[in-house]
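Structure first, commentary second.
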Amino acid sequence: MSAPNPANSGAAMPAAPTALLQRLEWRARHAVNTTVSGEYRSAFRGRGMEFDQVVKYEWGDDPRDIDWNVTARLGEPYRKRFVEERDLTITFIFEDSPALQFGSEGRTRRETLLKTAALLMMISAINRDRVALVYSSPGQSWFQRAQPGRKGIMRIAAMLLGQPAPSLDGPVNCSLPWPFVKKSASRGSVLLWFGPFAPRDMPELWRELQQRHQAVGVRADDPWDQDLPRNARLSAYDPLAGRLTLLNTASSAERAAHAAWRERRDDYFLEMFPRSDDRMIVSNVDDPLQSLVAWFHRHRQRT
C-alpha cells in the first residue's frame, strides 16, 4: 500500500468525459439557484466558524457555546458567537472498494457514488468552498490538497471520475489512510466519506476525527440490498469473492441470511454515524441529484 502523496495539480485534466462534467455542473448550478443554496449552508457548517464576540445566552442557543469564564464573572450565562467562514474546506474520502461494482439494474453502487460525489463538488464550487480529495482503492491511496474555485474543483472532479475501477481479480480490501487524514484535514473541515460500509472494525481514529470535524457517510444502496427478488433462481457475480454465486431466493434460509446481513450492515452504518443528519443513502435507481436535494431538505427541516 503506497502512502498518499499530493497529486500534481499542474497535470492535464484526466480523460473523464468533459460532457459529463459539464452536464453535472449545469444540474448542480440549477439546483443551487432554485432549491439547495440555503440547505447546503445549513448542512455543511462543520466547525468552519471564527469567533465574533460574547453575547447573552438565550433559550435555544447551543449550550456547548457557553463561555463559562464570562458566565462565572458576570453571574448570568453568556455564550460565544461565531460567524461562518467563507472558505469552508470539504474533504471527500472515496473508498473505491470492489464491493461497489455491483448493480442489479440501472447503475452500480460505484457509478452512483461517483456521480453523487461529483455533484457535491460542483455544489461546493458554486458556494465558494474549498474541496480536497482522498482516494483509496486496493493497493493505492493518493491525496489532492484543497483547491478553491471552479477550475481547481473541476480538475479534482475530473480526477475522481477518470479513475479506472479496481480490478476484480486482485485485492479486495481498501486501507484508508486515517492518520494522514487527521494530519492533512484542517480542524473544522467537513469530511464526506463515500464507501460500501460493510461491517468491520471501526477505524482507530474515527471517533477522534468526528470530534474534530463534521463527518458524513454516503452509502449507495441497490434494490437487492433491501430485498431479493422473489422466487428466483439466478447467478450473480460477487466482486469480493471473485466468482459467480448461485442464489435461490425462494429459500427461506437464503432470505433469512440476506435479512441478517442487511441488519448488520445498517447497524454498522448507524454505529459509525449515530446522528441521522450525518448519514446519506443514495439509491442506484434514483437520480443522485434528487437524492441530494431530498437529503438537504430533510436536514434543514430537522435543523
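Among the numbered conditions (1) part of a helix (DSSP H, G or I); (2) closer than 21 Å to ASN173 by Cβ; (3) of a type in the set (A, V, I, L, M, F, W, C), the only one that PHE102 does not meet is (1).
Within the set ARG255, ARG302, ARG243, ARG230, the sole residue that is at pLDDT below 95 and farther than 22 Å from PHE102 by Cα turns out to be ARG302. Among the residues of segment 88-141, those identified as open to solvent by 30 Å² or more (accessible area, probe 1.4 Å) and over 17 Å from ASP222 (Cα atoms) are ILE126, ARG128, ARG130, GLY139, GLN140.
Could you list all residues from segment 58-76 that are open to solvent by less than 60 Å² (accessible area, probe 1.4 Å) and at pLDDT 85 or above? Across segment 58-76, the qualifying residues are ILE66, ASP67, VAL70, THR71. Please verify whether segment 285-301 includes one or more residues that are more than 17 Å from the chain's Cα centre (by Cα) and open to solvent by 80 Å² or more (accessible area, probe 1.4 Å). The answer is yes; a qualifying residue exists. Going by the conditions given, is LEU228 in a loop (DSSP other than H, G, I, E, B) and of a type outside the set (Lys, Arg)? So LEU228 fits the description; yes.
ASP278 - would you say it is over 21 Å from THR108 (Cβ atoms), among the acidic types (Asp, Glu) and open to solvent by less than 40 Å² (accessible area, probe 1.4 Å)?
Answer is yes for this residue.
Whenever a residue of segment 259-282 is part of a helix (DSSP H, G or I), its partners that are of a type in the set (A, V, I, L, M) and surrounded by 12 or more Cβ atoms within 10 Å (Cβ to Cβ), lying with C-beta atoms within less than 6 angstrom and at least six residues away or across chains, give the pairs ASP278/VAL216.
Against the numbered list (1) in a loop (DSSP other than H, G, I, E, B); (2) at pLDDT 90 or above, VAL172 comes up short only at (2). Scanning segment 182-201 for residues that are modelled with pLDDT under 95 and farther than 16 Å from VAL282 by Cα returns LYS182, LYS183, SER184, ALA185, SER186, ARG187, GLY188, SER189, VAL190, PRO199, ARG200, ASP201. Residue count for segment 171-203 satisfying the condition of being basic (Lys, Arg) and within 17 Å of the chain's Cα centre (by Cα): 1.
Applying the condition of being part of a helix (DSSP H, G or I) and touching a residue at least 60 places away in the same chain (Cβ under 8 Å) to segment 185-217 and asking which residue is farthest from LEU113 (Cα to Cα) yields ARG212. Among all residues of segment 43-53, there is at least one that is assigned to a helix (DSSP H, G or I) and either out of contact with any helix residue (DSSP H, G or I) (no Cβ under 9 Å at 6 or more places or on another chain) or modelled with pLDDT of 80 or more (or both).
The values are calculated or read from the model by the stated rules, or taken from the named source; none is laboratory data. Note that this is a predicted model, so its numbers are computed, not measured. Glycine gets a Cβ as well: all are built from the backbone with ideal geometry, and neighbour counts include every protein chain shown. Heads up: the accessible areas ignore ligands, DNA and RNA and are worked out on the full protein's heavy atoms, side chains in. Shrake-Rupley method; radii C 1.70, N 1.55, O 1.52, S 1.80 Å.
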